[in-house]
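Worksheet: one structure, shown below.
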Amino acid sequence: MPERKLTREELLAKAKKPGEDALKLHPFYRGKIEMVPKCVIRDFNDFAIWYTPGVAQTCRLIEKDKEKVYENTNKWNTVAVVSDGTRVLGLGNIGPEAGLPVMEGKALLFKYLGGVDAFPICLDTKNADEIITAVKWLQPSFGGINLEDIEKPKCFYILDKLREEMEIPVWHDDQQGTAAITLAGLFNALKIVKKDIDKVKVSMVGAGAANMAIARLLIFAGVLPGNIVMTDSRGILHPDRGDIDREKDKKKWDICLKTNSDKKRGGIREAMEGTDVCIACSKPGPGTIKPEWVKGMAKDSIIFAMANPIPEMWPWEAKEAGARIFATGRSDFPNQVNNSLGFPGIFRGALDVRARTITDEMCVAAAREIARCAEDKGLSEEYIVPNMDEWEVFPREAVAVGMKAIEQGVARVNITEEELYKKASSIIKRARDTVKILMEEKIIPQAPGD
C-alpha cells in the first residue's frame, strides 16, 4: 500500500519540529562536542611520556623539521571552524556567541561524517584584517581552516588573502562547500531532464557569497557565462547598474560584465523567465519566489531553493507550478543540497594528502563523485544527491579530492587510491563507532523523553 502523502499542515509542523527539539536538547547536553584522549593511559607513569619529561624529545624533533609535527601531533587531522557571527545561517549578524551553536554543530558533522577533529572558534572582531591575522596565528596548530558565516564582501577578501598567504587549506564553506554540492545536484538533475550543462540557461536569486561561488564553479564545469542571469535585492545584474561599487564589490561587478548575454532587465520574475534552472541562495521564504514565476520557466525546470532555515518557496508550491525537480537545504524534504555532503569528505581527502590548498578542480572532483554515488543507487526526481546516512559517500569523495590534489601537485604526501580509501574509511568508521560505544555505555546520556 503506497505511503500516505502528508498534508500541507503536517509538512509545516514537520518543518518546525527540529527548532522545537533544539531548544530542549541544547541545554540538556550543554554543547555538542568535547575533547577526549586518544592515547593509552595505563597508569600515571604514562604522563612522563605524553607530557614532561618525555615530550621534550618530540619537541626537539619538530624544532629541527617542522613537517614532523604532522607525524607527532594531531595537527594532521584538525580543522578550525572560524566565524565572526556576521552571516549565520539565515539569521544574519547575530554575533560570535550566538553563532557558537552553529560552529559546534559544524564541528560535530566534521567528526561524525569525516572523522575530522574540528574546533569552533568564534572571533570577537568584525574587522577583516584582524580576522586574517587571527587565522594566520592559528596556523601552527591546525591542518586546515574552515571559514564560516562571515558576511560579504569581506568574506571574499579574507578567503583570497588567506589562501594566498597560508600553507594549509583554507576553505569558506558558504562559498566553496555550497558550490560543490550544488554542482553535484545539478549534474544529476540535468541527467534526469536530459539537458546539457553547456546549453542550459540558469537564473540565480541572490548575489551573496554562496551564489557568487556557485556561479564561478558552474562556469568552470561548463555552464556558459552568458547563460547565467543573477539578481540581487535591487534586480538583475548587468553592466548598466550604476549602484554597484566596482572597487568594493569586484566579484559582483565581474558577474555584471560576464553574464546575462540576453541583456535582461527587471527582477526575479524576469530573471527566471525561460530559464531551465533556478538556483536561489537569498532571503528565507516562503514567498521569496512565487509560483507564477516558476510557471514562466522552461519545460522540465529545476529549482534549488536553499535559503535557511526556510527555503525561498515550499516544494509543493514549485511542483504545482510545473517544476520537475526541486531541492532545498533542509533535511526534512527530498533532495537536500546539503554542505554536509561536501566539507567532511573534501577535508578528509585534503588532510590525508596534506594538501596546501583546496582548488576548484578538487571541488569539481568532489562534486562528480558525490553525483556518482547517487547515480549508483538510482536517480529519481526526489533523489539527485546522496543522503547524509550513506556513509560510503565520504571516503569516496575523500579519494577523489586527494587524488586530484596529488595530480595538481598541491599535496605533500603521495599515496595510492587504494591506500587513501582504506585510510579515510578507517578514520570515519572509528569516529562513528566511538559515538555508538559512548551511547551504548551511556557515557553520552539519553535525553529525557527519547
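Read the figures in this text as sums done on the coordinates, not as results from a lab. Keep in mind the model is a prediction, meaning the values are calculated, not measured. Every residue, glycine as well, gets a Cβ built from its backbone with ideal geometry; the counts of neighbours run over all protein chains shown.
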(request) State the extension gain, in nm to one decimal, for the chain segment bounded by Arg265 and Phe44, taking 0.36 nm per residue of separation less the distance between their alpha-carbons. (result) 72.3 nm
(request) Please figure out what share of the DSSP beta bridges in the chain is antiparallel and state it in percent, rounded to the nearest 5. (result) 15 percent
(message) I want to check the label-to-label distance for Glu361 and Thr7. Put each point 7 Å from Cα in the C-beta direction and report it in nm to one decimal.
(response) 5.6 nm
(request) Of the listed pairs Lys264/Lys299; Lys68/Lys152; Lys66/Lys251, which have alpha-carbon separations greater than 29 Å here? (result) Lys68/Lys152; Lys66/Lys251
(message) Through the Karplus equation 6.51 cos²θ - 1.76 cosθ + 1.60, θ set to phi - 60°, convert the phi angles of the stretch 274-280 into ³J(HN,Hα) values in whole Hz; use x for Gly and Pro.
(response) x, 7, 7, 9, 10, 10, 10
(message) Calculate log10 I(q)/I(0) of the chain for q = 0.06, 0.09 Å⁻¹, where I(q) comes from the Debye formula with a single equal point scatterer on each Cα and nothing for solvent.
(response) -0.27, -0.60
(request) Any chance you could run the full-extension gain for Ile443 through Lys191? It's 0.36 nm times the residue separation minus the Cα-Cα distance, nm to one decimal. (result) 86.1 nm
(request) Pull up the DSSP beta bridges for the stretch 31-173 and report the antiparallel fraction as a percent, rounded to 5. (result) 5 percent
(request) Work out, step by step, the length gained on full extension between Glu34 and Phe220: first 0.36 nm times the residue separation, then minus their alpha carbon distance; give nm to one decimal. (result) 63.0 nm
(message) Can you show me the helix-derived [θ] at 222 nm for the chain, built from DSSP H runs with n ≥ 4 at -39,500 (n - 2.57) apiece and divided by the number of residues, rounded to the nearest 500.
(response) -14000 deg cm²/dmol
(request) Report the semi-axes of the equivalent ellipsoid for the stretch 31-173 in whole Å, largest first, where each axis is √(5λ) for an eigenvalue λ of the Cα gyration tensor. (result) 31, 19, 12
(request) Rank the residues Cys278, Cys373, Cys39 as a footprinting-exposure proxy: fewest other Cβ atoms within 10 Å of their Cβ go first. (result) Cys39, Cys373, Cys278
(message) Place a point 7 Å from the Cα of Lys126 along the Cα-to-Cβ direction; which residues of the stretch 96-117 have their backbone N under 11 Å from it?
(response) 96
(request) Mind pulling the angle between the C-alpha long axis of helix 55-64 and the longest principal axis of the chain? Nearest 10 degrees, somewhere in 0 to 90. (result) 60 degrees
(message) Based on the alpha carbons, how large is the Rg to Rh ratio for the stretch 386-450 when Rh follows Kirkwood?
(response) 1.17
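Please sort by residue number the trypsin sites (Lys or Arg not before Pro) in the stretch 370-431 whose DSSP state is loop and whose Cβ has at most 15 other Cβ atoms within 10 Å.
Values: sites: Arg372, Lys377, Arg396, Lys404, Arg412, Lys422, Lys423, Lys429, Arg430; in loops: Arg412.
Here the sparse-neighbourhood loop sites are Arg412.
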(request) Arrange the peptides 435-446, 231-242 so that the one whose residues have, on average, the most other Cβ atoms within 10 Å appears first. (result) 231-242, 435-446
(request) Quick one: what are the phi-derived ³J(HN,Hα) couplings along the stretch 413-430, Karplus 6.51/-1.76/1.60 with θ = phi - 60°, whole Hz, x for glycine and proline? (result) 10, 9, 9, 7, 4, 5, 5, 5, 5, 4, 5, 4, 4, 5, 5, 5, 4, 4
